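Presented below is the structure to which this report refers.
The values are calculated or read from the model by the stated rules, or taken from the named source; none is laboratory data. Since this is a predicted model, take the numbers as computed values, not measurements. All Cβ positions, glycine included, derive from the backbone under ideal geometry; neighbour counts span all protein chains shown. Areas reflect the complete protein model, heavy atoms only, side chains present, ligands, DNA and RNA absent. Shrake-Rupley method; radii C 1.70, N 1.55, O 1.52, S 1.80 Å.
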Amino acid sequence: NAGVMQNPRHLVRRRGQEARLRCSPMKGHSHVYWYRQLPEEGLKFMVYLQKENIIDESGMPKERFSAEFPKEGPSILRIQQVVRGDSAAYFCASSQGFGAGVDEQYFGPGTRLTVT
Amino acid sequence: AQSVTQPDIHITVSEGASLELRCNYSYGATPYLFWYVQSPGQGLQLLLKYFSGDTLVQGIKGFEAEFKRSQSSFNLRKPSVHWSDAAEYFCAVARRGGATNKLIFGTGTLLAVQP
């Protein structure tokens, strides 16, 4: 019974390179959330996606960041031309979708991005 | 703007002692309320949640939390702490009836347990 999978767990990139972070939701889940945790801070919401749709990207930086959740395959968070300030832990969470009450989100182990 | 405050950045308790972690929120209406725990290098695990009904909520690992509307608080408690409870604890809220269930997190409380 696999939970939310994220890979890679650790990613090192030089300034100016691209970073691609992958998230496979739990089986049966069609909703994905991405959060960022900067050093010594809480998690900050970035984006909420359903299959093939971005529902809420109010937490995404306006430039260099993009996210997708295709019909087939994992959700991808892409950071172009990384800078040192992008160094953080990026967490993905998945949920089943709205039922009665709020959806419970299940978190993956995170990807720790280091920009050198 | 919605916000979550965890006033204690770091707490140390002795094993077997009781624990209370504070959480206050600022919101237009009563949100959904959550407590998560994060062990070093790991993802977040849900301890408990409040949606409606009884204001005292029981969670996993012997934790409980009490919702107090008048104080806009949702404090986490445990009667007897175990060494394995050492971790970081996050309080979070989500808006009722919104288009998304995005979580707004506090900055966390790091719990250390002394033998």
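Through the Karplus equation 6.51 cos²θ - 1.76 cosθ + 1.60, θ set to phi - 60°, convert the phi angles of region B:45-62 into ³J(HN,Hα) values in whole Hz; use x for Gly and Pro.
Using θ = phi - 60°, the values come out as 10, 6, 8, 6, 8, 10, 10, 6, x, 3, 7, 9, 10, 9, x, 7, 6, x Hz.
Restricting to the protein assembly as shown, what percent of DSSP beta bridges are antiparallel, rounded to 5? Write down the numbers at each step before the final one.
Values: 68 of 77 bridges.
Once the DSSP bridges in the protein assembly as shown are tallied, antiparallel ones form about 90 percent.
How big, on average over all directions, is the shadow cast by the Cα convex hull of region A:12-64, in nm²? Can you show the working numbers first?
Numbers: hull surface 20.2 nm².
Average projection, Cα convex hull of region A:12-64: 5.0 nm².
At R0 = 41 Å, how high is the FRET efficiency between A:Arg78 and B:Ser70 if r is their beta carbon distance? Nearest 0.05 is fine. Before the final figure, lay out the partial values.
On the way: r = 45 Å, r/R0 = 1.10.
Using R0 = 41 Å, I get an efficiency of 0.35.
Given H placed 1.01 Å from N in the peptide plane, which residues other than close sequence neighbours of B:Gly108 have an amide H under 5 Å from its amide H?
B:Gln6, B:Cys91
As a test of understanding, state the convex hull volume per residue of chain B from its alpha carbons, in Å³. Before the final figure, lay out each step's value.
Numbers: hull volume 11.7 nm³, N = 115.
Cα convex hull per residue, to the nearest whole number: 102 Å³.
Could you give the nm distance between label points at B:Ser3 and A:Glu18, where each point is 7 Å from its Cα heading toward the beta carbon?
Once both label points are built, they end up 3.9 nm from each other.
With a 10 Å radius around each residue's Cβ, average the other Cβ atoms per peptide and rank A:77-86, B:33-42, B:12-21, highest first. Don't skip to the end; give the middle numbers.
On the way: A:77-86: 15.8, B:33-42: 18.7, B:12-21: 13.9.
The densest-packed peptide leads the list: B:33-42, A:77-86, B:12-21.
Hey, for a label at B:Glu15 modelled as a point 7 Å past Cα toward Cβ, could you say which residues of region B:71-115 have their backbone N under 13 Å away?
Residues B:81-86, B:113-115 qualify, since their backbone N sits under 13 Å from the label point.
For B:Ala112 and A:Ser87, what is the calculated FRET efficiency with R₀ set at 25 Å and r taken between the beta-carbons, to the nearest 0.05? Write out the running numbers ahead of the final one.
Numbers: r = 25 Å, r/R0 = 1.02.
Efficiency, from the Cβ-Cβ distance: 0.45.
Given Cα pairs under 8 Å that are at least 6 residues apart, what percent is the relative contact order of region A:1-77? If you can, show how the numbers build up before the last one.
Numbers: 118 pairs, mean separation 19.4, N = 77.
Rounded, it is 25 percent for region A:1-77.
With every protein chain kept in the model, how would you rank A:Met5, A:Met60 by accessible area, 1.4 Å probe, largest at the top?
Ranking A:Met5, A:Met60 by accessible area, largest first, yields A:Met5, A:Met60.
Taking a 1.4 Å probe, which of B:Ile11, B:Ile60 shows the most accessible area, and what order do the others take after it? Don't jump to the answer; show the numbers that get you there.
Working: B:Ile11 30, B:Ile60 65 Å².
Result of the area sort, largest leading: B:Ile60, B:Ile11.
In whole Hz, with x marking every Gly and Pro, tabulate ³J(HN,Hα) for region B:37-42 from phi via Karplus 6.51 cos²θ - 1.76 cosθ + 1.60, θ = phi - 60°.
Going residue by residue, I get 10, 10, 7, x, x, 10 Hz, with x marking Gly and Pro.
How many partner chain Cβ atoms sit within 10 Å of a residue's Cβ in peptide B:103-109, on average, as a whole number?
On the way: counts 10, 5, 7, 2, 4, 5, 0.
If you average over the peptide's residues, the count of other-chain Cβ atoms is 5.
Once you average over the residues of A:64-77, how many Cβ atoms of partner chains fall within 10 Å of each Cβ? Could you put the intermediate results ahead of the total?
Values: counts 0, 0, 0, 0, 0, 0, 0, 0, 0, 0, 0, 0, 0, 0.
That works out to 0 on average.
Once R0 is set to 35 Å, what does the formula 1/(1 + (r/R0)^6) return for the Cβ-Cβ distance between B:Ala29 and A:Gln96, expressed as a FRET efficiency to the nearest 0.05? Show your work: numbers first, answer last.
Working: r = 24 Å, r/R0 = 0.69.
Working from the Cβ atoms, E equals 0.90.
Two decimals is fine: what's Rg over Rh for the protein assembly as shown, C-alpha atoms, Kirkwood radius as Rh?
Values: Rg = 17.7 Å, Rh = 18.3 Å.
So for the protein assembly as shown, dividing Rg by the Kirkwood Rh gives 0.97.
Per-residue mean of other chain beta-carbon atoms within 10 angstrom of the beta-carbon, peptide A:41-48? Don't skip to the end; give the middle numbers.
On the way: counts 3, 14, 11, 4, 8, 1, 2, 4.
If you average over the peptide's residues, the count of other-chain Cβ atoms is 6.
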